[in-house]
1. Just the residues that are charged (D, E, K, R) and in contact with a Lys or Arg (Cβ under 7 Å, 6 or more places away or on another chain), please, taken from the range 37-93.
2. Based on what the data block shows, is ILE40 surrounded by 10 or more Cβ atoms within 10 Å (Cβ to Cβ) and either closer than 30 Å to LEU13 by Cα or at pLDDT below 85 (or both)?
3. Considering the range 80-95 alone, what residues qualify as being at pLDDT below 85 and over 29 Å from the mean Cα position of the chain (by Cα)?
4. Quick check on PHE70: is it assigned to a loop (DSSP other than H, G, I, E, B), surrounded by 10 or more Cβ atoms within 10 Å (Cβ to Cβ) and without any contact (Cβ under 8 Å) to a residue 12 or more places away in the chain?
5. Just to check your reading of the model, which residue among ILE3, ILE76, ILE35 is surrounded by 10 or more Cβ atoms within 10 Å (Cβ to Cβ), in a helix (DSSP H, G or I) and modelled with pLDDT under 90?
6. Report the residue count in the range 54-70 for those that are at pLDDT 85 or above and acidic (Asp, Glu).
7. Given the conditions (1) surrounded by fewer than 10 Cβ atoms within 10 Å (Cβ to Cβ); (2) part of a helix (DSSP H, G or I), report the number of the one that GLY22 does not fulfil.
8. Would you say SER42 is among the small types (Gly, Ala, Ser) and touching a helix residue (DSSP H, G or I) at 6+ places or on another chain (Cβ under 9 Å)?
Amino acid sequence: MSIRIDDKLVEHLSTLSRLTVGNKEKLKNDLQEIIGYFEILSEVDTEGLEPMYTPIEDVAKLRDNVPQRFDNIEGIAANFPDKVDKLIKVPGIYG
């Protein structure tokens, strides 16, 4: 089963995503290429294979949760353009 990307589908996707599409022909070609890759993948025989939920099979090894002293405070503060003594100024998050 092949999905055909046409102007009607691009317009529908544009409406659903509330995006303005500047170059519809390029988007159509890109989407058709992506669909083509999925069609190739659908031909692969996966019978008897267990699903893989993550490519990382090892368990993450976390460090102990103990406080550590960090002495290079001036080095960190030097990376910020706005600072007063040991305080750094960052953009506000509320308007």
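1. ASP82, LYS83, LYS89
2. no
3. LYS83, VAL84, ASP85, LYS86, LEU87, ILE88
4. Here the answer is no, as PHE70 does not meet what is asked.
5. ILE76
6. 1
7. The single condition GLY22 does not satisfy is (2).
8. The answer is no for SER42.
The values are calculated or read from the model by the stated rules, or taken from the named source; none is laboratory data. It should be emphasised that the depicted structure is a prediction, and the values quoted were computed from it without experimental measurement. Backbone-built Cβ (ideal geometry, glycine too); neighbour counts: all protein chains shown.
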